[in-house]
Amino acid sequence: MRKVLFGTLIVFAVVAFAMPGFAGTVLKFSAIHEPAHPSAHTAEFFAERVRQLTNGELEVQVYHSRQLGDARDNVENVRNGSIAFTSVSISNLSQVLPVMDVWSLPYIFKSDDHYWYVLNGGKAMEFMQQLEPKGIKVITWITSGARNFFTQKPINSAADLKGQKIRVMASPVMIDTMKALGANGVPVAWGELYTALQTGVVDGAENNHPSLISMKFYEVSKYYSLDEHMRIPDVNIVSTKVFEKLTKSQQAAILQAGEEATAYMRGAWKVSEIESINKLKGLMKEITTVDKKSFMDAVAPMVDAEAKRLGGEAFVKYVLETGQKFK
């Protein structure tokens, strides 16, 4: 991937206060992905736009590759205000508010176009505002594409997952999805997954093309099955404790930078997704585009049950109804 837009060098610092010789306020952004990942590029783009839009009043320092903690740590540190920003899968926000797990329900989005139709509608951001009393404000939608299985054995249908230990995020819906597919969902921290695959703690995992490249999971997995079972948005979030201390103009600048970062990410993701799948074709033993029907049939009963359990029936109904506009 090309280096971040504007070619700005971001200097790392351990700060949440004004630095000597710097008149502005420095805020931490903790990112879990490697610098080459499109999410990491987007964090840098966001940081640069905040600096530009505030005329240097705010300096966002980005820490890549889990330097400040894994996803769960970052969520808690945003809530307590020790860091200002992080990028996180909405699945990891279910630890704060269980209803967020409805985003992890399998096959609720028919396509990438359907996914973005929902995200760009007002109801999606309205739904996310439930997090604000918990200390989290969503400022940017970050796509993470469709999730697929990468394993030691080929997965051509749901039956092939029977008994397999599949790494998932710490999301009850993801664990229940694996159970519905006949597998065992095993929560493993992102930074520990390579070793877990290498040592057989898990038989496989699920994620998107760019993540397989950035984390080199192709070295410890042979097969990649394109079943597209989930499209779980990532989001850039800001601590409400930090956000509420900023001036109105600084808050507006952060929100504008967030909107621009979403647009930037969509383009960067498309490029990265194409490049990544082309690279994976030469790095994995087999990549299979599966018939999704067996997967969809296996999980259908749990979608309604989980939506009810989580209290998210109305939002899930809205998502499913909008899907009728798409093939």
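Across the chain, the mean sequence separation of Cα contacts (distance under 8 Å, 6 or more residues apart), normalised by length, yields a relative contact order of 24 percent.
For region 151-302, compute Rh as the Kirkwood radius over C-alpha pairs and then the Stokes-Einstein diffusion coefficient at 25 °C and 0.890 mPa s; write the answer in µm²/s, rounded to an integer.
141 µm²/s
For region 261-275, the Karplus equation 6.51 cos²θ - 1.76 cosθ + 1.60, evaluated at θ = phi - 60°, returns couplings of 5, 4, 5, 4, 5, 4, x, 4, 5, 4, 4, 5, 5, 5, 4 Hz by residue, with Gly and Pro reported as x.
Among 293-305, 85-97, sorting by the average number of other beta carbon atoms lying within 10 angstrom of each residue, highest first, gives 85-97, 293-305. With all pairs of separate Cα atoms included, the chain yields a Kirkwood hydrodynamic radius of 20.2 Å. Calculation over all alpha carbon pairs of region 75-216 in 5 angstrom steps from 0 returns a P(r) of 2, 9, 17, 21, 20, 16, 10, 5, 1, 0 percent. The separation of region 244-313 from region 100-152, counted between C-alpha centres, amounts to 7 Å. Considered as an equivalent ellipsoid built on the Cα gyration tensor, region 76-118 has semi-axes of 26, 13, 6 Å, the largest given first. Converting phi to 3J(HN,Hα) with the Karplus coefficients 6.51, -1.76 and 1.60 and the offset θ = phi - 60°, region 124-138 yields 5, 5, 4, 4, 6, 5, 4, 7, 4, x, 8, x, 10, 10, 7 Hz in sequence order, with x at every glycine or proline.
Annotation: per residue accessible area for the chain equals 42 Å², rounded to a whole number [probe 1.4 Å, protein chains only]. Sort region 151-196 into rounded, prolate or oblate with this rule: let a ≥ b ≥ c be the square roots of the eigenvalues of the Cα gyration tensor; rounded if a/c is under 1.5, and if a/c is not under 1.5, prolate when a/b is larger than b/c, oblate otherwise. Note, shape of region 151-196 comes out oblate. Fully extending the segment from E244 to Q324, taken as 0.36 nm per residue of separation minus the present Cα-Cα distance, adds 24.8 nm.
For V26, the residues 5 or more places off, or on other chains, whose built amide H falls under 5 Å of its own are F17, A18, M19, E59. For region 236-327, the fraction of C-alpha pairs farther apart than 24 angstrom is 61 percent.
Between region 162-223 and region 33-71, the C-alpha centres lie 27 angstrom from each other.
3J(HN,Hα) couplings calculated from phi for region 33-50 with the Karplus curve 6.51 cos²θ - 1.76 cosθ + 1.60 (θ = phi - 60°) are, in sequence order, 7, 5, x, 7, 6, x, 5, 5, 4, 5, 4, 5, 4, 4, 4, 5, 5, 4 Hz; Gly and Pro show x. Each label point was placed 7 Å from the Cα along the Cα-to-Cβ direction; for Q67 and E259 their separation is 3.1 nm.
Share of carbon and sulfur in the accessible area of the chain stands at 53%, probe radius 1.4 Å. Legend: P(r) of region 177-253 from all alpha carbon pair distances, 5 Å bins from 0, whole percents, reading 3, 11, 18, 19, 14, 7, 7, 9, 8, 4, 0. Where both residues lie in the chain, what percent of DSSP beta bridges are antiparallel, nearest 5? So the antiparallel bridges in the chain amount to around 55 percent.
The values are calculated or read from the model by the stated rules, or taken from the named source; none is laboratory data. This one's a predicted model, so the numbers in the text were calculated from it and none came from an experiment. Quick reminder, even Gly has a Cβ in these numbers, built from the backbone with ideal geometry, and neighbours come from all protein chains shown. Only protein heavy atoms, including side chains, enter the accessible area calculation; ligands, DNA and RNA are left aside. Shrake-Rupley method; radii C 1.70, N 1.55, O 1.52, S 1.80 Å.
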